[in-house]
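Since the structure comes first, as structure tokens, the remarks are kept for the end.
A short reminder: the numbers here are calculations on the coordinates, not readings from a lab. Since the model is a prediction, treat every value here as computed from it, not as a measurement. Positions of Cβ are generated from backbone atoms using ideal geometry, with glycine treated the same way; all protein chains shown enter the neighbour counts.
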Amino acid sequence: MLTGPTAVGKTEWALRWAEQQGAEIVSCDSLLFYRGLEIGTAKPTATERARVPHHLIDVCGLRDRMDIVAYVRLAQVAVRDILSHGREVLVTGGSGFYLKSFLGPVADGVDVSEAIRARVAALTLPEALAELGARNPAGLGELDVDNPRRVRRALERCLAAGRTIAELAQAFAEQPGPFAEYRVELVRLDRESDDLQRRIEARVAAMLRDGLVEEVRRLRTEGLAENPSAARAIGYRETLAMLDGLLPPGRLAAEIAQNTRALVKKQQTWFRTQLPPHRAIAASELKDVAELFPAVE
């Protein structure tokens, strides 16, 4: 697995390693699932995908739903298919939750019915908290009780499973991850701050030069606003704001770059605190792709 923050250079190093090893790439970038999101996501081009087969890119439309359960199911099929042909698998991307699915359990398998969702959605936050408390007499643990979404999600799962938060947490911790049968090696690419800043600026300039504004205009007619994840993604949300007159055109590049820098800081913190021990490599010091995964023959 190869990860790292936005603009660190994952795509090119992944392509080079996969070409050398006869590998295929499985994406764990949460925006590359969607057809039509090209420029704003820096999606691998048709030329790059011709160099190495890619999986989990362009698997759904903007109006389709993608979540971690669906992703894991598709990724398991892709991994089995690649290995069945005697090829290596390289998972690459920077979306933490999807990345983490290769390292341990990420979903508890509780099936919440639409009826339960509707009933919980009709409750106020105090009502939901009261019912959740009644079903969890030992307490709510570390649940953020000020976050309505998390409170409602916790209540939905307690109702659907007939178990307490603590029981659900214990069952989750004890289950194997969806890829537990495979050996997984994780490498994170890094760069010095000044180098990464320059790459971000160049990336934003290239996105605008390549037609980001035109892409967003087109995507609005294809359901961009109906996909909150895509509409809030950096590059798309700033361009939407500009098209709606909420951001001066002259500020677009600076706003995208500023928000990208903020995202990178969050990604770096997440990688340090949420991932298991792994190798970190300075991308600027890489001389040969063999340095990425030297244990792979």
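Normalising the average separation of contacting C-alpha pairs (under 8 angstrom, six or more residues apart) by the number of residues puts the relative contact order of the chain at 27 percent.
Packing, taken as the mean count of other beta carbons within 10 Å per residue, orders the peptides 231-237, 18-24 from highest to lowest as 231-237, 18-24.
Of all lysines in the structure, those lying under 23 Å Cα to Cα from Lys266, and not within fewer than 8 positions of it along the same chain, are Lys10, Lys43, Lys100.
Here is how the number arises for the chain: DSSP H runs of 4 or more residues each give -39500 (n - 2.57), the sum is divided by the residue count, and the result at 222 nm is -14500 deg cm²/dmol. Modelled spin-label separation between Ala254 and Asp146, with each label point placed 7 Å from Cα along the Cα-to-Cβ direction: 3.2 nm. A simple packing score, the average count of other Cβ atoms within 10 Å per residue, orders the peptides 117-127, 2-12 as 2-12, 117-127, with the highest score first. Note that the chain shows a convex hull volume over its alpha carbon atoms of 157 Å³ per residue. Taking 7 Å steps out from each Cα toward its Cβ at Val213 and Ser193 produces label points 3.3 nm apart. Between Arg279 and Leu186, Arg188, the built amide H atoms are under 5 Å apart, and every one of these is 5 or more places off in sequence or on another chain.
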